[in-house]
1. What aspartates and glutamates sit close enough to C:LYS190 to cross-link, taking a C-alpha to C-alpha distance under 14 Å and skipping anything fewer than 8 places away on the same chain?
2. Below 8 Å, C-alpha to C-alpha, sequence gap of six or more: please give me the relative contact order for chain B in percent.
3. If you place +1 on the Cβ of every Lys and Arg, -1 on the Cβ of every Asp and Glu, and leave all else neutral, what size is the dipole of region C:4-267 about its Cα centre, to the nearest 20 Debye?
4. May I ask which residue of A:ALA40, A:CYS20, A:PHE58 lies farthest towards the positive end of the charge dipole of region A:5-64, with charges of +1 (Lys, Arg) and -1 (Asp, Glu) on Cβ and the Cα centre as origin?
5. Rounded if a/c is under 1.5, else prolate if a/b is larger than b/c, else oblate: which is region B:27-177, with a ≥ b ≥ c the root eigenvalues of its Cα gyration tensor?
6. Ignoring everything except DSSP H segments at least 4 long, calculate the 222 nm mean residue ellipticity for the protein assembly as shown; use -39,500 (n - 2.57) per segment, divide by total residues, nearest 500.
7. With a cut-off of at most 11 other beta carbons within 10 Å, and DSSP calling the residue loop, which trypsin sites (Lys or Arg not before Pro) in region B:298-369 qualify? Please list them.
8. For region C:95-201, which GluC sites (Glu not before Pro) pass both filters: DSSP loop (anything but H, G, I, E, B) and at most 16 other C-beta atoms within 10 Å?
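Quick note: the coordinates plus some simple rules give every number you see, no bench work behind them. Since we're looking at a predicted model, the values are computed, not measured. FYI the Cβ positions are ideal-geometry reconstructions off the backbone, even for glycines, and counts take in every protein chain you see.
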Amino acid sequence: MSKEIKISVSEKRCKQCGICAALCPKHVLDQEVGCVPVAARLEDCIGCRLCEMRCPDFAIEVEVK
Amino acid sequence: MSKSVKKFIEGNNAIVDGAIAAGARFYAGYPISPSSEIAEGAAKELPRHGGVYIQMEDEISSMAALLGASLAGKKSFTATSGPGFSLMQENLGLGIMSEIPTVIFDVQRSGPSTGAATKPAQADIMQARYGVHGDHSIIALSPSSVQDCYDLSIVAFNLAEKYRTPVLFMTDEVIGHLRETVTEVEPDPSQIFNRVQPGEDVTQAEFRPYSFSSNMPAPMPAVGGRLLMRTTGSTHDEKGEFGPGPANIDRVTHYLTDKIEKNVDDITITRSYQLEDAEVAFITFGCSVRSTMTAVDILRAKGVKAGMLQLVTIWPMPEKAIRAVLSKVETVVVPEMNLGQLAGEVRKFNDYGCKVIQANRTDGVLITPKQILDRLEEK
Amino acid sequence: MATYKDYMLFDKLPHTWCAGCGDGIILQSIAAVFAEMELDKHDITLVSGIGCFGRVDDYLDINCMHVTHGRALAAATGVALGNPELNVLVTMGDGDGTTIGGNHLIHCARRNIDLTAIIANNYNYGQTGGQYSGTTPTDSITSTSPYGHIEQNFDICKLAEAAGASYVARSTAYNPVQMRKLIRGGMEHKGFALIEVMVACPTHYGRYNRQGEAADMMKLMNEQSVPVEKARTMTEEELEGRIVTGLLVDKDREDYYTKYKKIIDAQNMDK
């Protein structure tokens, strides 16, 4: 992976709907019941930002450097 | 010297001329008898003054479009009658709550429902006041001549702009289709009230589209200008943001009523006819004024001291003027083309033991002086 | 460079919508399109109605007119004709835009008023507890069709097209990239543009119809999606239950005000 990617999740805004983790094309995110998602496999992230765009709660920000 | 022209036209025609003279440049409506001449006149005249006429799919959408155009900075108006007026109530409420000025001309006809569609009545008086759900107040004017249709149209727009609220113009089929000579004086710019604008130094951070602290509305910039504008039919705070807390709901409810009721002296217009020494008084409005004046003349000729109070403003009710009459005379007759909608209001103020007699006609024919006098004699 | 945050009242978040509701996905797309187009926020006016998606105005830092249920397009017609220079955007749900407001939709499309209408279709009245709307699919369960819905549902895009809309597009909350492209296309289109976006209502419709969680509902809408190019090669039977996505109609047709302006220019006496 050549890009440096950072995925941040706002605990304040996240409603833990599970969309980001379930629909990530590279299965980067994990979400346990009662918790906000975590980027468990960040090394697999391709920086497509779909998790950010699909987050209904403006809780995810993807930074691709 | 203001420009003036003399015309021999119908009340409905004079309304169009008055609206345009007041600066109205947008009409959205749905044709309905006996108001359609206003739509036809607006369709013809508005583009000639750079304005827009649009015929909407119904009166619900017409009312909504009026508010949209007004928010975009255009003075807007529509005309309707009974069934259409009923359909407008929903977004009339939106205009009241959002505080968006516009003027609705209701050319009253016999009802309910389709009723006798082309026949006159004055039976929308209570709908004008209470047709919108929820507590609020309203401004409503009522003309008794073609001249009034021109002059009071200008007054209606001025009141709408000043108080940032929809104003009702409760005319009727008789006045709407009455042809008489009218002198249309082009108003001087000083006679036209345009909605107050925020000061040039007001920043977005300081700007508030609503104010509830006095009995006057906040300045109202149009959308598309220097300041972002926000309106809503939901109970809102000063920023125009959703504010459903109990204290705010109560505050907004009181404000919407107070901004009209506490300015009643500025808003209301009445006219007196032979009232000074009257012992018998008539209190009336709209087309019934014409027959009542003749009734007064007949009584005067017989030596009876009769007089008339004309309510040019019917909402808010000119309480002071009505009380002044009730406290002075022994008998008050209320002629109207409904079953006593105004009479009920007059009785509310009757703390003076005055005899209040109703003179009602509801058969779709203009009330006559004789009918009014007969009611007086029966009692 | 501007971002979607520049067009939002970001401190109002978290928003009112349920977990998994797709409305927030459209909201982000709308604000992102404003940023992409580098619009001056003073030139944009949003008119919204009543319903879950009508609450979009709460979170946008632009001119906003929040109106009555179903009447957003009618009010927006007034805004668009009152100031033809404005970018007028209208946000509605399926109940607001096509059920109580269906008459305004077809007439606004027919007149070709220059505005962009975005309808979030979640197949039910979410805000009031999941009752059926004009787009609720036949046989599905809602709180007011407990024995299965017997009515035929509207196809919003076909309805708009038949009414004469000059730009019609459909996307899903699953596909925000396509959604943004189509919303931008609608904003740039002169005339009436309608973008229908399929969104999940996991709280009501999804629960009543056992469609799982929000992500499951979004996967389902993706499985049902057929790009319009492919759909054109399919039969009506093959398209049963599918969601045709993409740019469905894009026609050059003079908008209402452009036509009316010719009348004004010909008749104007004030000049």
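1. Partners within reach: C:GLU85, C:ASP114, C:ASP250, C:ASP252, C:GLU254, C:ASP255.
2. Across chain B, relative contact order equals 16 percent.
3. On the way: 24 positive and 33 negative charges, 47 e Å.
So the magnitude is around 220 debye.
4. The residue sitting farthest along the positive end of the dipole is A:PHE58.
5. On the way: a/c = 1.33, a/b = 1.11, b/c = 1.20.
Because its axes are fairly even, with a/c under 1.5, region B:27-177 counts as rounded.
6. Numbers: 24 runs with 238 residues, N = 715.
When only DSSP H runs of four or more count, the value is -9500 deg cm²/dmol.
7. Working: sites: B:ARG300, B:LYS302, B:LYS305, B:LYS320, B:ARG323, B:LYS328, B:ARG347, B:LYS348, B:LYS355, B:ARG361; in loops: B:LYS302, B:LYS305, B:LYS328, B:ARG361.
For trypsin sites (Lys or Arg not before Pro) across region B:298-369 that sit outside H, G, I, E and B with at most 11 neighbouring Cβ atoms in 10 Å, the list reads B:LYS302.
8. Numbers: sites: C:GLU151, C:GLU161, C:GLU188, C:GLU196; in loops: C:GLU151.
Passing both the DSSP loop test and the Cβ count: C:GLU151.
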